[in-house]
Amino acid sequence: MTIPQFIQLHQHDAAAVAQELLQGLSAPQAYTSPKYLYDALGSRLFEAITELPEYDLTRTEAQLMCLHSADMAQHLPKGACWVDLGAGNCEKAGRLLGPMQAARYVAVDISVDFVRQALGHLQHQHPGLPMVGLGTDFSGGLDLPEALALDPAQPRVLFYPGSSIGNFTPVQALGFLQSLHRACGTAMGSGLLIGVDLLKDPVELAAAYDDALGVTAAFDLNLLLHINRLAGSDFAVRDWRHLSRFNAAQSRVEMHLQARHVVTVRWPGGLRQFAADETIHTENACKWTVPDFAALLHAAGFAKTHAWTDPAQRFAVFWAQS
Ligand code: AVI
């Protein structure tokens, strides 16, 4: 049996992280990057969100992938190197590697520790498939390292499910997709398989990001505890409430944390006073239409696109050939 190889590129820079966070918290409209929602507890809370009745995104995507897998196999190259972006438990790609006849699997996440166990399990299911765990921060764009020794003649399938692309603004998304287009390389048939949540009824969208059980609220509020650990601040969770609102002009759901009353937050060397009802903008979840997302893929350099959607047009899986 082949054994997975691991490459850790990203090194945690505590000072840079604290500086980035404090810069955002000091801005007129305070903000934080959504990546800080995912500490160990945040990742578990997100998994719980995907099981909520109000949040059907993950289930709809899984159904689409399952229902259309034969057709997908017609569009996607066989014998490809699959690069799974934000692989985590490797579950989504794991279901496709066999049917799509993948020849290599690269699981990318911020830390190889997040994929170590899952890759071990997956390797047992695919004993002959070469697998690599790559620890890198690709939130600013994907750069595949030399250390992967990618074969330029082997087609690549970049896999980015879950509509994480929605957490970028359109301008950021364009830059990110351009980096994915470059990472596809030059082999014939390469491309990007990406899941995109579609624009739908604002009432449903609001509920999906503010569920009755309060799991999304806990997910958002947990960010404050993570920030305290990373930046040495003294946020008290009880001073804040979770807020989700649909911004129609920008076609996105915004998550904010809103101060319940006047709150002073201190950190080493500084502080900020938040007025009652003032917010910290913690996440955007942009919702796309099929034509608008296809146009974005073309603008990023992809030559041909194909989209699979559910009958209610709630979610789309795009194959974008480079
Ligand atoms: C990871 N990402 C696609 C989720 C989303 O729907 O934007 C994160 C999330 N935020 C609140 N609920 C789920």
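The values are calculated or read from the model by the stated rules, or taken from the named source; none is laboratory data. Computed from a prediction, not measured in an experiment: that's the story for all the values here. So basically every Cβ, Gly included, is an ideal-geometry build from the backbone, and we count neighbours across all protein chains shown. Keep in mind that these areas ignore ligands, DNA and RNA; they rest on the heavy atoms of the full protein, side chains included. Shrake-Rupley method; radii C 1.70, N 1.55, O 1.52, S 1.80 Å.
Quick notes on this one:
- Residues in the range 24-61 that are within 14 Å of the ligand (Cβ to nearest atom) and of a type in the set (G, A, S) were compared, and the one that is least open to solvent (accessible area, probe 1.4 Å) is G42.
Table: residues versus (1) more than 30 Å from I165 (Cβ to Cβ); (2) surrounded by fewer than 12 Cβ atoms within 10 Å (Cβ to Cβ).
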position	(1), (2)
D239	yes, no
S244	no, no
N247	no, no
H256	no, no
T264	yes, yes
I280	no, no
A285	no, no
W288	no, no
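Per-residue answers, yes or no, for (1) touching a strand residue (DSSP E or B) at 6+ places or on another chain (Cβ under 6 Å); (2) charged (D, E, K, R); (3) free of Cβ contacts under 8 Å to residues at least 12 places away in the same chain; (4) within 16 Å of the ligand (Cβ to nearest atom):
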| position | (1), (2), (3), (4) |
| --- | --- |
| G133 | yes, no, no, no |
| S139 | no, no, no, yes |
| A153 | no, no, no, no |
| F159 | yes, no, no, yes |
| L174 | no, no, no, no |
| H181 | no, no, no, no |
| A187 | no, no, no, no |
| I194 | yes, no, no, yes |
| P202 | yes, no, no, yes |
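- Leading residue by the ranking (most open to solvent (accessible area, probe 1.4 Å)) among those in the range 149-180 that are under 21 Å from the mean Cα position of the chain (by Cα) and polar (S, T, N, Q): Q172
- In the range 181-215, the residues that are in a helix (DSSP H, G or I) and open to solvent by less than 20 Å² (accessible area, probe 1.4 Å): A183, L205, A208
- Considering the range 161-172, and only residues there that are under 26 Å from H75 (Cα atoms) and not in a loop (DSSP other than H, G, I, E, B), the residue that is farthest from the ligand (Cβ to nearest atom) turns out to be I165.
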